[in-house]
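> The structure is given below, and queries will be raised subsequently.
The values are calculated or read from the model by the stated rules, or taken from the named source; none is laboratory data. Computed from a predicted model, the values in this text were never measured in an experiment. Because the Cβ atoms are built from the backbone with ideal geometry, glycine has one as well, and the counts that use them run over all protein chains shown.
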Amino acid sequence: MAQEAFETDFWKDAGRRRVWDDIVPGEPRETIPYVLTLEAIQKYCRAVGENHPLYFDEAYARATPYGGLIAPPSIHILLMFACTPADDWMRSPGTVNAGQSWSYNIPARPGDTITLQARALDKFVKKDRLFVVHDNVFFNQHGKVICSGRGWTIRPM
């Protein structure tokens, strides 16, 4: 099955996004699997200025303990959006990252089918701002955890 191009216009579906009242702590968020391609990895690397040969040079990568090309740990930034549907509250324009903590277990690799388990843990209002605490766990097609993290976001009013 062909994968759709990754949408970069985050305002396109703003009217369809879930809003504050739709966020239910503890309820799993709907997510979609994403096949991570070498092209996506390398495009991401170029965009963030990452040029390590582990992400570009197959011969080099094969000679390392990784045994082949991998994605950089920060690929979870791309995956967060690639694994969430257009109407997900996490994709709301105007959202501010108020902090995050990530643990990295194994590298993602070209060809991996990535799935995301995600949910809001809490939501609260502080100083007239809407905060959400959420957790996210990314898995490969073998059910192994690539990375997991907890984040805090300030939602638009």
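> Which pairs turn up if I take residues in the range 39-53 that are closer than 13 Å to Ala108 by Cα and in contact (Cβ under 8 Å) with a residue 24 or more places away in the chain and look for partners that are surrounded by 13 or more Cβ atoms within 10 Å (Cβ to Cβ) and hydroxyl-bearing (Ser, Thr, Tyr) with beta carbon separation below 8 Å, at least 6 apart in sequence or on another chain?
From residues that are closer than 13 Å to Ala108 by Cα and in contact (Cβ under 8 Å) with a residue 24 or more places away in the chain, the pairs are Ile41/Tyr55.
> Please verify whether Ser148 is buried (at least 17 other Cβ atoms within 10 Å of the Cβ) and either in contact (Cβ under 8 Å) with a residue 24 or more places away in the chain or within 28 Å of Glu39 (Cβ to Cβ) (or both), treating the condition exactly as stated.
yes
> If you don't mind, there's one more thing I want to ask. Of a type in the set (A, V, I, L, M, F, W, C), over 22 Å from Pro28 (Cα atoms) and at pLDDT 95 or above - does that describe any residue in the range 91-111?
Yes: one or more hits.
> Checking Ile77 against (1) in a loop (DSSP other than H, G, I, E, B); (2) without any contact (Cβ under 8 Å) to a residue 60 or more places away in the chain; (3) within 27 Å of Gly15 (Cβ to Cβ), which single condition isn't satisfied?
Going through (1) in a loop (DSSP other than H, G, I, E, B); (2) without any contact (Cβ under 8 Å) to a residue 60 or more places away in the chain; (3) within 27 Å of Gly15 (Cβ to Cβ) one by one, Ile77 breaks only (1).
> Please go through the range 95-133 and give me each residue that is part of a loop (DSSP other than H, G, I, E, B) and in contact with a strand residue (DSSP E or B) (Cβ under 8 Å, 6 or more places away or on another chain), ordered by number.
Those that are part of a loop (DSSP other than H, G, I, E, B) and in contact with a strand residue (DSSP E or B) (Cβ under 8 Å, 6 or more places away or on another chain): Thr95, Asn105, Ile106, Pro107, Ala108, Gly111, Asp112.
> Out of the range 76-93, which residues are surrounded by fewer than 17 Cβ atoms within 10 Å (Cβ to Cβ) and over 16 Å from Arg18 (Cβ atoms)?
The answer is Ile77, and nothing else.
> In the range 18-38, which residue that is assigned to a helix (DSSP H, G or I) and touching a residue at least 60 places away in the same chain (Cβ under 8 Å) is farthest from Thr84 (Cα to Cα)?
Looking at the filtered set, the residue picked out is Leu38.
> Moving on to the next point. May I ask you to verify whether Thr84 is of a type in the set (Val, Ile, Thr), assigned to a loop (DSSP other than H, G, I, E, B) and within 11 Å of the chain's Cα centre (by Cα)?
Yes, satisfied.
> Of the residues that make up the range 61-70, is at least one touching an Asp or Glu at 6+ places or on another chain (Cβ under 8 Å) and farther than 29 Å from Val133 by Cα?
yes
> Would you tally the residues in the range 59-74 being assigned to a helix (DSSP H, G or I) and either under 24 Å from Leu116 (Cα atoms) or at pLDDT below 95 (or both)?
Summing the residues that are assigned to a helix (DSSP H, G or I) and either under 24 Å from Leu116 (Cα atoms) or at pLDDT below 95 (or both) in the range 59-74 gives 2.
> Right, something else. Mind counting the residues in the range 31-56 that are aliphatic (A, V, I, L, M) and more than 22 Å from Ala118 (Cβ to Cβ)?
Residues meeting the conditions: 4.
> Just to check your reading of the model, which residue among Val132, Val125, Val96 is of a type outside the set (Gly, Ala, Ser), farther than 21 Å from Ala40 by Cα and crowded, with 17+ Cβ neighbours inside 10 Å?
Criteria check complete, one pass: Val132.
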